[in-house]
Amino acid sequence: MKRWKISQKLYVQISQKLYVQISQKLYVLIKKYYFLTFFSFCFFTKVNYMDEHEVHKIIDLLSSEKKKSYDVHKKKVIESFISGIKKYGYNKPLIAPRKVTWDVTSRCNLSCRHCSNKELSYGDDLSTESILTILDQLHAFGIQHISFSGGEPLLREDLFSILQKAKELDIAVTLATNSTLIDAPTASRLHTIGIDSIQTSIDGMGPTHDSFRGVPGCFEKACTGIKNLVQEDLTVVVTTTVTTLNCSEIEQVMDLCVEMGVHAYVINDLIPVGSGRNLLSYRLTDEQYAQYAAYFKNIREDLKGTLEILWGGVGTFPDKKPDTDRVIIQTRCLACFHRFNIASDGTVQPCNLLPLDAGNILHESIEDIWTKSPVFVALRDRDALQGVCGTCCYRYSCGGCRARAYAISHDFLAEDPRCQRWSQ
């Protein structure tokens with residue numbers, strides 16, 4: 001039987017479900033003890049005005065939920081909730097750092113047409129010593145999950161030492177790779193280290209993928225690498241950056257995923273940053289985007305147990321309770337609330353697709369960057385969002401994609417142009 005190892009996006013799904021479950025219990029608890037006028041005030045104003053006694057009740061309930069759970073991943077998510085509330089107060093959305101994406105190198109063996117790494121020119125890659133030191137700092141800061149990316153991370157000769165160190169610190173590890181360099185021994189080594197999941201890409205069949213990735217023959221190499229990973233019983237998530245150039249091949253790619261035995265599949269909307277700016281005219285229309293959101297919603301249940309579908313579009317939650325009916329809120333856009341990105345030279349950013357300079361981890365403490373960066377602070381103010389995002393009853397739990405808003409309008413507080421809730 002295939003061993004269960006949770007992928008980065010599945011980890012997010014579990015934590016979102018926990019938020020709903022715990023929020024419902026907390027809502028009942030607060031209704032028992034406080035008048036309607038008081039908690040209405042808390043819902044519509046900054047929640048960190050809630051007094052210390054009330055916050056302690058919430059922490060106690062979270063601690064109780066943690067004790068009752070037998071799932072190690074759920075326990076860790078709840079730990080981050082408790083730690084976030086203790087350190088940063090009771091906010092909407094909750095501020096609880098636990099994830100990092102880390103571009104450990106800017107070097108790559110491919111030349112992808114949509115590469116976000118071409119947005120800025122970075123300095124030299126960090127040394128092995130610096131990375132190992134930063135790993136200790138991230139662990140002390142409470143980071144539970146790191147996704148190592150690039151460039152192509154396997155071009156670093158010290159990568160396995162880095163991955164091993166992260167696992168020794170009990171940090172969950174995702175490796176984001178194009179899979180072209182993964183031969184059988186490499187896959188075996190990743191299995192031995194205990195990598196939790198692999199994120200890789202297939203951007204179309206054969207010639208389409210090769211054209212998208214800029215190197216002839218890379219499709220076959222990627223498929224060979226993926227098969228080697230599956231053979232080692234590693235959890236593999238395949239992504240496709242979808243454009244009008246490859247959208248007609250999505251079903252074929254999904255069939256290929258099933259054939260290769262990968263765990264999950266997700267499509268990424270093209271965010272026109274870096275080299276992707278040259279593909280702006282090939283973005284899906286809003287109508288096409290909506291059609292794919294509906295398509296994936298319909299086939300998700302059909303493929304259950306065969307291929308996990310991890311994408312549903314933005315604003316596609318018609319039955320979700322509004323934020324006013326929830327007490328603990330996790331935002332779908334994790335940037336600056338639960339996650340940040342580290343570039344290859346140590347530059348800290350909200351997201352790898354929102355490459356704004358928030359400081360450098362070599363010269364500033366993680367805590368200072370996290371709490372004092374003007375970019376991070378601005379992105380956390382969901383009441384400052386503009387357009388339909390700013391008036392939406394889900395602006396705390398959703399907030400849209402800030403990277404897409406910035407790429408299209410050059411304003412990271414602008415409305416997300418892909419939201420399906422308001423486009424109808």
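Overview of values
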read-out	value
Tabulated pairs, region 380-396, first without any contact (Cβ under 8 Å) to a residue 40 or more places away in the chain, second surrounded by fewer than 13 Cβ atoms within 10 Å (Cβ to Cβ), C-beta under 8 angstrom, 6+ apart or interchain	Gln386/Asp411; Gly390/Asp383; Gly390/Ala384
Count of region 365-390 residues which are surrounded by 18 or more Cβ atoms within 10 Å (Cβ to Cβ) and over 17 Å from Pro93 (Cα atoms)	4
Complete set of residues in region 255-276 that are free of Cβ contacts under 8 Å to residues at least 60 places away in the same chain and either open to solvent by less than 10 Å² (accessible area, probe 1.4 Å) or under 26 Å from Arg421 (Cα atoms) (or both)	Cys257, Val262, Tyr265, Ile267, Asn268
Any hit, region 307-326, residues being of a type in the set (S, T, N, Q), within 19 Å of Gln137 (Cα to Cα) and either in contact with a Ser or Thr (Cβ under 8 Å, 6 or more places away or on another chain) or touching a residue at least 12 places away in the same chain (Cβ under 8 Å) (or both)	no
Number of the condition not met by Thr192 [criteria: (1) free of Cβ contacts under 8 Å to residues at least 12 places away in the same chain; (2) on the phi > 0 side of the Ramachandran plot]	(2)
Residue count for region 82-132, restricted to those that are open to solvent by less than 10 Å² (accessible area, probe 1.4 Å), closer than 20 Å to Ser179 by Cα and of a type outside the set (Val, Ile, Thr)	1
Breaking point among (1) free of Cβ contacts under 8 Å to residues at least 24 places away in the same chain; (2) assigned to a helix (DSSP H, G or I); (3) not basic (Lys, Arg), for Phe296	(1)
Selection status of Thr371, among the hydroxyl-bearing types (Ser, Thr, Tyr), in a helix (DSSP H, G or I) and over 26 Å from Gly150 (Cβ atoms)	yes
Per-region count, region 374-402, residues part of a helix (DSSP H, G or I), under 27 Å from Ala294 (Cα atoms) and in contact with a Phe, Trp or Tyr (Cβ under 8 Å, 6 or more places away or on another chain)	2
In region 149-185, the residues that are in a helix (DSSP H, G or I), open to solvent by less than 30 Å² (accessible area, probe 1.4 Å) and not aliphatic (A, V, I, L, M)	Pro153
Boolean, Ile342 is surrounded by 15 or more Cβ atoms within 10 Å (Cβ to Cβ), under 30 Å from Ile58 (Cα atoms) and β-branched (Val, Ile, Thr)	no
Single condition Pro417 does not satisfy, out of (1) open to solvent by 40 Å² or more (accessible area, probe 1.4 Å); (2) modelled with pLDDT under 95; (3) closer than 25 Å to Arg326 by Cβ	(3)
Some residue of region 135-143 being outside any helix (DSSP H, G or I), touching a Lys or Arg at 6+ places or on another chain (Cβ under 8 Å) and surrounded by 21 or more Cβ atoms within 10 Å (Cβ to Cβ)	yes
Enumeration of residues in region 208-227 that are in contact with a Phe, Trp or Tyr (Cβ under 9 Å, 6 or more places away or on another chain) and in contact (Cβ under 8 Å) with a residue 12 or more places away in the chain	Thr208, His209, Arg213
Some residue of region 225-236 being open to solvent by 10 Å² or more (accessible area, probe 1.4 Å), on the phi > 0 side of the Ramachandran plot and in a loop (DSSP other than H, G, I, E, B)	yes
Check on Asp269, within 28 Å of Arg404 (Cα to Cα), touching a strand residue (DSSP E or B) at 6+ places or on another chain (Cβ under 7 Å) and not small (Gly, Ala, Ser)	yes
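The values are calculated or read from the model by the stated rules, or taken from the named source; none is laboratory data. On a predicted model such as this, the values are computed, not experimentally measured, just so you know. Quick reminder, even Gly has a Cβ in these numbers, built from the backbone with ideal geometry, and neighbours come from all protein chains shown. Accessible surface areas use protein heavy atoms only, side chains included; no ligands, DNA or RNA. Shrake-Rupley method; radii C 1.70, N 1.55, O 1.52, S 1.80 Å.
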